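A.B. asks: First the structure, which I've put down as structure tokens, then a few questions once you've had a look.
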Amino acid sequence: MTRVVLLGAGGRMGQAVAGAIPGAPDVTLKARVERPEAPAPADGGAPWGHDLGAVVARGDVVVEFSSPAAAVAAAAICAERGAALVSGTTGLGAEDEAGIRALARTIAIVRAANFSLGVLALRRALAAALGAVPASWDVEIVERHHRGKQDAPSGTALHLAREAAERRGYPASALRMGRSGRVGARPEAEIGIHSLRGGTWVGDHAVVLAGAGEWIELRHVAEDRAAFAHGVVAAARFVATAGPGFYTLEEVASAAR
Ligand code: NAD
């Protein structure tokens, strides 16, 4: 049985993960952690508290969808106490990302900007499409998320853009977050990322490959957070028995096959 401690339990993703765990007979939710301001739900679910350090020992794995600061703090607690970590918060700076990655020398960590298996398929489809179209075709990404999302562009859009830039041999500076003003003609070695925010969009990523007189759009739409939660449960099961290391969702998916 994989025992999970859930950080950010009252949030949109936290609730989706808590909702998915009962569907996995070999995974159980042992504790839920939230900020002190967050009202405890009267749902008879797993114990609710505010201090991850106080409950981390109840689980084999901490799953976190919280805030960048809480994600960094959670990784440190897990490393100190020997718990595995599944981490999904986006919008962390490069230094914080590197700090979490370094802790994977001590514990097993799965960290992904997007836990949906559909997005994994989109990334593979994009790699194939980039190999099939002329290198002169322009790459642009449009992402849509709900009005409450804190970071822009989305971690997934950045990930897709970085992978495309790497494949094309573009430098990291090729990523352009939106355009405004007299920006001039589009340079070839550029990947534009455009962020829409509004309503209740769960997560929508479209990658456009545009040639002369024709274009292709590869698009993934998450209609429900269950799309991420199933990947999170698979990742929790995976890290619970994995040795120390930094693992990707690809590794989780291949192990589950
Ligand atoms: P949300 O605001 O609905 O939920 C975050 C929760 O974390 C809130 O309830 C908040 O109170 C709690 N929290 C914040 N700081 C805390 C702390 N120090 N201690 C305890 N609890 C704390 O946000 P969300 O939509 O659930 O998204 C959370 C994060 O996950 C965001 O960064 C989002 O971009 C990311 N996300 C990732 C994926 C993925 O697949 N990797 C999918 C969706 C969202």
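A.B. asks: Just name the residue that is nearest to the ligand (Cβ to nearest atom) out of those in the stretch 101-137 that are within 22 Å of SER195 (Cβ to Cβ) and without any contact (Cβ under 8 Å) to a residue 60 or more places away in the chain.
C.D. replies: Checked the stretch 101-137; the qualifying residue nearest to the ligand (Cβ to nearest atom) is ALA113.
A.B. asks: Something else now. Could you list, in sequence order, all residues of the stretch 29-75 that are modelled with pLDDT under 95 and charged (D, E, K, R)?
C.D. replies: Correct list: ASP43 only.
A.B. asks: With (1) part of a loop (DSSP other than H, G, I, E, B); (2) more than 16 Å from the ligand (Cβ to nearest atom) as the list, and ASP151 as the residue in question, which single condition is left unmet?
C.D. replies: So ASP151 meets the others, but not (2).
A.B. asks: Taking the criterion of being part of a helix (DSSP H, G or I), of a type in the set (Asp, Glu) and within 14 Å of the chain's Cα centre (by Cα), would at least one residue in the stretch 200-213 satisfy it? Please lay out each step first, then the result.
C.D. replies: Here is the first cut: in the stretch 200-213, the residues part of a helix (DSSP H, G or I) are none.
No; the residues of the stretch 200-213 include none that is part of a helix (DSSP H, G or I), of a type in the set (Asp, Glu) and within 14 Å of the chain's Cα centre (by Cα).
A.B. asks: Looking at (1) over 27 Å from HIS220 (Cβ atoms); (2) within 16 Å of the ligand (Cβ to nearest atom); (3) charged (D, E, K, R), find the lone condition where ASP60 falls short.
C.D. replies: If we test ASP60 against (1) over 27 Å from HIS220 (Cβ atoms); (2) within 16 Å of the ligand (Cβ to nearest atom); (3) charged (D, E, K, R), just (2) comes out false.
A.B. asks: Which numbered condition trips up GLU140, out of (1) part of a strand (DSSP E or B); (2) within 16 Å of the ligand (Cβ to nearest atom)?
C.D. replies: Unmet for GLU140, out of (1) part of a strand (DSSP E or B); (2) within 16 Å of the ligand (Cβ to nearest atom): (2).
A.B. asks: What residue, of ALA46, ALA42, is more than 10 Å from the ligand (Cβ to nearest atom), touching a Leu at 6+ places or on another chain (Cβ under 7 Å) and not in a helix (DSSP H, G or I)?
C.D. replies: On the way: ALA42 fails: touching a Leu at 6+ places or on another chain (Cβ under 7 Å).
Being more than 10 Å from the ligand (Cβ to nearest atom), touching a Leu at 6+ places or on another chain (Cβ under 7 Å) and not in a helix (DSSP H, G or I) holds for just one of ALA46, ALA42, which is ALA46.
A.B. asks: Filter the stretch 169-199 down to the residues that are part of a loop (DSSP other than H, G, I, E, B), surrounded by 12 or more Cβ atoms within 10 Å (Cβ to Cβ) and touching a residue at least 24 places away in the same chain (Cβ under 8 Å) and list them by number.
C.D. replies: ARG186, GLU188, GLU190
A.B. asks: Also: Being polar (S, T, N, Q) and under 17 Å from GLU217 (Cα atoms), is that true of even one residue in the stretch 173-192?
C.D. replies: no
A.B. asks: Can I ask one more? Keeping to the stretch 166-188, report how many residues are closer than 24 Å to ALA132 by Cβ and touching a Ser or Thr at 6+ places or on another chain (Cβ under 9 Å).
C.D. replies: So the count comes out to 1.
A.B. asks: Let me ask something else about it. Could we say that GLU37 is surrounded by fewer than 18 Cβ atoms within 10 Å (Cβ to Cβ), more than 8 Å from the ligand (Cβ to nearest atom), free of Cβ contacts under 8 Å to residues at least 24 places away in the same chain and more than 16 Å from LEU6 (Cα to Cα) here? Outline the logic, then answer.
C.D. replies: On the way: surrounded by fewer than 18 Cβ atoms within 10 Å (Cβ to Cβ): yes; more than 8 Å from the ligand (Cβ to nearest atom): no; free of Cβ contacts under 8 Å to residues at least 24 places away in the same chain: yes; more than 16 Å from LEU6 (Cα to Cα): yes.
No: the conditions fail for GLU37.
The values are calculated or read from the model by the stated rules, or taken from the named source; none is laboratory data. What you see is a predicted model; the values in this text were computed from it and never measured. Neighbour counts are summed over all protein chains in view; Cβ atoms, including those assigned to glycine, are modelled from backbone coordinates with ideal geometry.
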